[in-house]
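To keep things clear, I will list the structure first and then write my remarks on it.
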Amino acid sequence: MLRKTKDEKKLEEEPDDTKGKKKGGPKKSGSDKMVKLPGEYKYYIANKELDTLKQNIEEGREKSEILLERLKAILEGTDLSIAEIRKEAFDFGRFLSAAENGRTGKYDAEKLMKYMDDKFKAKEALIDKLSLKNVSLKN
């Protein structure tokens, strides 16, 4: 047989005078031996690891700054929406108090419809204005 099995190789490598030695301990092969690196290699490896860590930290910092800017923009937009809704609610409450019939306590339907139509037309005009502005900025 041209190829030797692992057991045959081990038998050939082991010396015959195994008397007095402990058996059952871990056996070290050639690849399990500890390799000592010179100081310059250790320094090189440590510097490479340091550079990698610095690069990872910088990438994380950049990503977090971008995310922070997005969140600030969302928060600002939400604050503007809240302010607009509060203003609209105040205006509507003021309109309702003016549209209420003092004698019966009911609201005039025609005035309410006119108010809603005016608000709807104002929103449409704002949408058209912003759309035109958007188109002009793209060109």
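Nothing in this text is a laboratory measurement; each read-out follows from the coordinates by a stated rule. Being a predicted model, the structure only gives us computed values, none of them experimental. FYI the Cβ positions are ideal-geometry reconstructions off the backbone, even for glycines, and counts take in every protein chain you see.
Could you calculate the FRET efficiency of L132 with A83 from 1/(1 + (r/R0)^6), where r is the beta carbon distance between them and R0 is 30 Å, rounded to 0.05?
Details: r = 25 Å, r/R0 = 0.82.
For R0 = 30 Å, the calculated efficiency reads 0.75.
Can you tell me how much longer the chain between E62 and M116 gets when fully stretched, taken as 0.36 nm per residue apart minus their C-alpha distance, in nm with one decimal? Don't skip to the end; give the middle numbers.
Values: separation 54, 0.36 × 54 = 19.44 nm, distance 4.69 nm.
The E62-M116 span can extend by a further 14.7 nm.
Testing the spin-label approximation: label points 7 Å from Cα along Cα→Cβ at Q55 and I74. State their distance in nm.
The two pseudo-label positions are separated by 3.0 nm.
Place the peptides 125-137, 89-101 in order of packing, highest mean first, counting for every residue the other Cβ atoms within 10 Å and averaging per peptide. It would help to have the intermediate numbers written out before the result.
Working: 125-137: 9.5, 89-101: 11.8.
Highest-to-lowest ranking by the protection proxy: 89-101, 125-137.
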